[in-house]
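Contents: one structure, followed by commentary.
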Amino acid sequence: MNGDLIGMKKELEKLLGIVKWAPTEQQLVELARRIRLAKRPLAIDDVSEIVLSVVQKYEAMFLEGLDNSDLKMLLMLATKIPAQK
């Protein structure tokens, strides 16, 4: 798994409070594609729906307030992931 995918995975974990999941490399590439192609600015709930639609389940725990700057970082990381052919 390349560094961009690892960085995006860690940012998703931070943003959504994910404590347990096991996305494949293909699933992470698909997540990046869907985030990149979003027709409107994403909210955290939107990102959660995208993740659930691709990986089906994850365990999360929230310990602090939401920070939308994390969404900007996630979008930046998702745009660095090349689309698969």
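Read the figures in this text as sums done on the coordinates, not as results from a lab. Because the structure is predicted, anything quoted here is derived from the model rather than measured. Glycine also receives a Cβ, built like all others from the backbone with ideal geometry; neighbour counts cover every protein chain displayed.
Using 15 Å as the cut-off for backbone N distance, which residues of region 1-33 belong to the label zone defined by a point 7 Å from the Cα of THR79 along Cα→Cβ?
The answer is 32-33.
Using a simple charge model, +1 on the beta-carbon of Lys and Arg, -1 on the beta-carbon of Asp and Glu, nothing else, what dipole does the chain show about its Cα centre, in debye to the nearest 20? All intermediate terms of the calculation are to be shown ahead of the outcome.
Values: 13 positive and 12 negative charges, 80 e Å.
Using Cβ point charges on Lys, Arg, Asp and Glu, the chain gives about 380 debye.
Rounded to whole Hz and in sequence order, give me ³J(HN,Hα) for region 3-20 from the Karplus expression 6.51 cos²θ - 1.76 cosθ + 1.60, θ = phi - 60°, writing x for Gly and Pro.
So the Karplus estimates, Gly and Pro as x, are x, 5, 5, 4, x, 5, 4, 5, 5, 4, 4, 5, 5, 9, x, 6, 10, 8 Hz.
Using Cα springs under 10 Å in a Gaussian network model of the chain, which residue among VAL55, VAL29, VAL19 shows the largest mean-square fluctuation?
Highest fluctuation among the options: VAL19.
Check ALA60: other-chain or 5+ apart residues with amide H under 5 Å from its amide H, H built from backbone geometry?
VAL19
What does region 3-76 give for Rg and for Dmax, in Å, if only its C-alpha atoms count?
11.2, 30
For SER48, SER69, which order do you get if you count the other beta carbons within 10 Å of each Cβ and list the fewest first? Don't jump to the answer; show the numbers that get you there.
Details: SER48 18, SER69 8.
Starting with the residue having the fewest Cβ neighbours, the order is SER69, SER48.
Tell me, ILE44, ILE81 in order of fewest to most beta-carbon neighbours within 10 Å? Let's see the in-between values first.
Numbers: ILE44 16, ILE81 20.
In order of increasing Cβ crowding within 10 Å: ILE44, ILE81.
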